[in-house]
Amino acid sequence: MPSIQAGMPPPADPTPRNPTGNSTAAGHDAHTRARKAVESVTRSTVAADGVLRVVHGAERIGNTAHRLQRGASSLVRGVVKPPYAATEPLDTLERHKLAEGVEYRVLYDRAALARPPQLETTTRLMRRGEQARVVQFAPTKLLVVDDEFGLLPLTGGPEELESAVLVRDSAMLTALIRVFDDLWRPAAPVRESAASAESDVPTDEERWILSLLASGATDDTIGRLMGFSSRTAHRRVRELVTKLGVETRFQAGVRAVKLGWL
């Protein structure tokens with residue numbers, strides 16, 4: 001995937017064995033589980049059976065992310081946020097894997113999606129089949145391949161990875177998958193129209209509609225205040241939601257604030 005750049009030297013032949021925020025409360029629970037999972041791994045030592053393997057260095061982390069995805073046969077889940085540790089472009093690899101029929105579910109931290117040229121790269125990958133969603137805040141980077149291997153950072157700063165852990169098929173990996181799924185369900189789908197929305201300037205009418213939406217006004221109220229019929233008001237609201245690249249009125253308000261439209 002385009003920016004899930006993480007890695008450590010993998011164990012011998014890491015090819016998987018088998019193919020395979022709308023709700024505040026839900027987001028908080030998912031973030032709490034993610035934090036506890038990361039803390040648990042941090043406290044752990046490498047198990048004798050090799051369930052966990054810690055590796056240091058951004059280059060080795062990036063190499064492992066690449067090799068794990070190269071061996072994917074069914075499903076890749078990823079959470080994208082800084083810091084990055086790419087050794088070669090992962091979007092090129094993802095295009096090849098998508099063409100092979102591998103499914104990609106990629107959850108983007110809002111800040112990561114805003115970093116040029118991430119949104120444009122994501123849009124191109126979506127056209128090839130990537131399922132992409134976005135959350136305001138992702139608690140950690142994460143890569144899970146075919147329910148067999150997981151990769152997540154252990155230490156590092158906002159812009160640099162120092163160490164990461166490779167998790168083999170285990171209860172720990174099951175917990176990480178649960179964290180991803182809990183974050184994925186309420187996340188807003190990324191829309192191709194979001195790319196153009198970044199540079200668009202809203203009209204005075206659109207700003208007025210957005211301010212009414214933010215106040216909780218219904219379509220009937222918006223229509224009455226602006227001299228529209230209810231049908232026209234509903235259409236204008238839906239057009240604005242689509243222009244912002246989101247699905248709901250609430251998401252439209254959040255995105256409008258981020259873009260400085262309100």
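The values are calculated or read from the model by the stated rules, or taken from the named source; none is laboratory data. It should be emphasised that the depicted structure is a prediction, and the values quoted were computed from it without experimental measurement. Heads up, the Cβs are rebuilt from the backbone with ideal geometry, glycines too, and the neighbour counts pull from every protein chain shown.
Okay, here's what the table says:
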read-out: Residue that is surrounded by the most Cβ atoms within 10 Å (Cβ to Cβ) [pool: residues in the range 69-92 that are of a type in the set (A, V, I, L, M, F, W, C) and modelled with pLDDT of 95 or more]; value: Val79
read-out: Residues satisfying the stated conditions in the range 220-262, i.e. among the acidic types (Asp, Glu) and touching a Ser or Thr at 6+ places or on another chain (Cβ under 7 Å); value: Asp220
read-out: Residue in the range 170-178 that is surrounded by 24 or more Cβ atoms within 10 Å (Cβ to Cβ) and assigned to a helix (DSSP H, G or I) present; value: yes
read-out: Looking only at the range 206-220, and only at residues there that are polar (S, T, N, Q) and within 14 Å of Phe250 (Cβ to Cβ), the one that is surrounded by the most Cβ atoms within 10 Å (Cβ to Cβ); value: Thr218
read-out: Qualifying residue in the range 32-48 (condition: modelled with pLDDT of 80 or more and acidic (Asp, Glu)); value: no
read-out: Residue in the range 201-209 that is within 19 Å of Gln136 (Cβ to Cβ), modelled with pLDDT under 90 and not assigned by TED's automatic domain parsing to the domain that holds Gln118 present; value: no
read-out: Residue within the range 132-153 that is among the hydroxyl-bearing types (Ser, Thr, Tyr) and at pLDDT 95 or above present; value: no
